[in-house]
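As structure tokens, the structure follows; a few thoughts come after it.
The values are calculated or read from the model by the stated rules, or taken from the named source; none is laboratory data. Because the structure is predicted, anything quoted here is derived from the model rather than measured. Here the Cβ positions follow ideal geometry from the backbone for every residue, glycine too, while neighbour counts run over all protein chains shown. What goes into the accessible areas is simple: the full protein's heavy atoms, side chains included, and nothing from ligands, DNA or RNA. Shrake-Rupley method; radii C 1.70, N 1.55, O 1.52, S 1.80 Å.
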Amino acid sequence: MARILLGVSGGIAAYKTLEFTRLAIKAGHVVRVVQTPDSEHFVGRSSYEGITGAPVLINQFEADPAGGVFQDQERPAHDPIAHLELVANCDVYLLAPASANTIAKVSAGMADNMVTALALTCRKPLIVAPAMNNDMYLSAATRENIETLRRRGVTVLDPGTGELASKGEYGVGRLPEPQELLDAVERAIAGGAEYAPRSLDGLKLLVSAGGTREPIDEVRFVGNRSSGKMGFAIADQAAARGAEVTVVAANVALARNPAVSYVNVSTAAELEAAVREHFIATDALIMAAAVADFTPAAPSEGKIKKAGREGMEIELVATNDVLKGLKDLRREGQVVVGFAAEAGEALLPEAQRKLESKGLDMIVANDIADPTIGFEVDANQVTLITAGGEPERPPRGTKSQIASVILDRVEALLRPAASQSAAEGSRRV
Ligand code: CTP
């Protein structure tokens, strides 16, 4: 159980936080809500009061009728200063939706309403979930304000891309779905043993993410559609579980987590060199990157000109298989996990073949024939195959939920004895 403080600012996406509140309570947490005055244009306080069973605070000069405590706490004898007490009592403060205006105020340290004042005095994990129009999100001011918050250790969630509130508008700026907000909250309080015991404490994880680019000339390349979302989600979760995480990122345009180290690479050869360098010290490698199997034999200098050509052929030569090549470096006890992108019926037999030929402990198989999962999208469904084990198909979920399942299996592979006794322990209960 955690005490979640929810700060709602003005935005149409505020309606999603009603569902978030319901889910959080269902998951055993207690929630108190504060709102900016503008947010009441979108969702009124009585909706949150009905769900949480506690008063909502909007005006920072009014006393909190509940005495600044959460529903599970005893009310103090004196009337405290609400905006100091409530944030001191919470385990995590989630700003959702965080409008461009609220983000600007919080990054500038302003405290002109209840929501911003609580952010300024917050000493607990602060999570900001931006939701706004595409142009507002991409404006230089908002980008800089978000960077400022991240530098200060605030977790700023990446908004989704898709249809936005105004008719016909499409872009980046959607508030993450209620379950994703709850996942982020539970990750932030992972220090509290119930959510993610720091089960990877003291271990080093190496994750490759993204897709390599093989130059044809100085402008064009042979690339692939991997966005890096899956690898980054694994890295974030592993860091929350206490691991020291290095990501070899091949052309990934996603936000970076201050708790993770990144090595940026572009080509398959650069990725191979970086993975080999860091593999030696790592306890587990999770190879989520899509690595080119072929590279142009002789990339041209400058930009190849079209004039005078009817067509052209580019000679490709094979790259090294990074995973196969690690066999010579591998120490006993190191866990190596690969990914397999396959279509349809070939999925399982091909994944099994790669598991064996690459000498892996586990392979995560992705069906690329289904356009609603996998490349560039947030949802995923995978089949996990371990050496000598039965294929396992966890439910479809967000990439962060799938990351969590993958890490549970990696932990079991890293500490077989410990996880077996934990499993026996839970059977005894
Ligand atoms: N991989 C690798 N080095 C390569 C290509 C792939 O280490 N040159 C890794 C990927 O990171 C992934 C796994 O191997 O973890 C499987 O990648 P995939 O592209 O599905 O397999 P390939 O070995 O390229 O086989 P195929 O071309 O038959 O699909």
(message) Quick check on segment 124-180: of everything there that is surrounded by 14 or more Cβ atoms within 10 Å (Cβ to Cβ) and of a type in the set (Ser, Thr, Tyr), which residue is nearest to Ala2 (Cα to Cα)?
(response) Thr155
(request) Among residues belonging to segment 276-299 that are assigned to a strand (DSSP E or B) and over 20 Å from Lys327 (Cβ atoms), point out the one that is most open to solvent (accessible area, probe 1.4 Å). (result) Phe294
(message) I'm checking my understanding of the structure. Among residues of segment 32-79 that are open to solvent by less than 70 Å² (accessible area, probe 1.4 Å) and aromatic (Phe, Trp, Tyr), which one is nearest to Asn101 (Cα to Cα)?
(response) Tyr48
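Considering only segment 21-31, state which residues are in a helix (DSSP H, G or I) and open to solvent by less than 40 Å² (accessible area, probe 1.4 Å).
Initially, segment 21-31 is screened for residues in a helix (DSSP H, G or I), giving 21-26.
Within segment 21-31, Thr21, Leu23, Ala24 meet the criteria.
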(request) Filter segment 388-429 down to residues that are over 30 Å from Leu157 (Cβ atoms) and among the charged types (D, E, K, R) and give me whichever is modelled with the highest pLDDT. (result) Glu390
(message) Consider segment 352-363. How many of its residues are within 8 Å of the ligand (Cβ to nearest atom) and in a strand (DSSP E or B)?
(response) 1
(request) Select from segment 336-346 the residues that are more than 8 Å from the ligand (Cβ to nearest atom) and surrounded by fewer than 20 Cβ atoms within 10 Å (Cβ to Cβ) and write down the one among them that is nearest to Ala209 (Cα to Cα). (result) Ala343
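Look at Asn257 and say whether it is open to solvent by 70 Å² or more (accessible area, probe 1.4 Å), in contact (Cβ under 8 Å) with a residue 12 or more places away in the chain and either of a type in the set (Lys, Arg) or in the same structural domain as Asp236 (by TED's automatic domain parsing) (or both). First the steps, then the outcome.
Details: open to solvent by 70 Å² or more (accessible area, probe 1.4 Å): no; in contact (Cβ under 8 Å) with a residue 12 or more places away in the chain: yes; either of a type in the set (Lys, Arg) or in the same structural domain as Asp236 (by TED's automatic domain parsing) (or both): yes.
Spelling it out, it is not the case that Asn257 is open to solvent by 70 Å² or more (accessible area, probe 1.4 Å), in contact (Cβ under 8 Å) with a residue 12 or more places away in the chain and either of a type in the set (Lys, Arg) or in the same structural domain as Asp236 (by TED's automatic domain parsing) (or both).
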(request) Please work out if Ser226 is among the hydroxyl-bearing types (Ser, Thr, Tyr) and either away from the ligand (no atom under 15 Å from the Cβ) or in contact with a Lys or Arg (Cβ under 8 Å, 6 or more places away or on another chain) (or both). (result) no
(request) Please verify whether segment 55-72 includes one or more residues that are out of contact with any helix residue (DSSP H, G or I) (no Cβ under 7 Å at 6 or more places or on another chain), aromatic (Phe, Trp, Tyr) and assigned by TED's automatic domain parsing to the domain that holds Ala141. (result) yes
(message) Going residue by residue through segment 203-213, is there one that turns out to be open to solvent by 60 Å² or more (accessible area, probe 1.4 Å), within 16 Å of the ligand (Cβ to nearest atom) and either within 20 Å of the chain's Cα centre (by Cα) or of a type outside the set (A, V, I, L, M, F, W, C) (or both)?
(response) yes
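Only one residue in Ala369, Ala298, Ala318 is assigned by TED's automatic domain parsing to the domain that holds Glu214, within 11 Å of the ligand (Cβ to nearest atom) and either more than 26 Å from Gln237 (Cα to Cα) or in contact (Cβ under 8 Å) with a residue 24 or more places away in the chain (or both), so which one is that? So that I can check it myself, show each step before the final result.
Details: Ala369 fails: within 11 Å of the ligand (Cβ to nearest atom); Ala298 fails: within 11 Å of the ligand (Cβ to nearest atom).
Going through Ala369, Ala298, Ala318 in turn, the sole match is Ala318.
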(message) Here is a check on your reading of the model: is Leu323 within 11 Å of the ligand (Cβ to nearest atom), open to solvent by less than 70 Å² (accessible area, probe 1.4 Å), free of Cβ contacts under 8 Å to residues at least 60 places away in the same chain and not in a loop (DSSP other than H, G, I, E, B)?
(response) yes
(message) Testing Pro349 on (1) loosely packed, with under 14 Cβ neighbours inside 10 Å; (2) of a type outside the set (D, E, K, R); (3) assigned to a loop (DSSP other than H, G, I, E, B), one condition comes back false. Which one is that?
(response) (3)
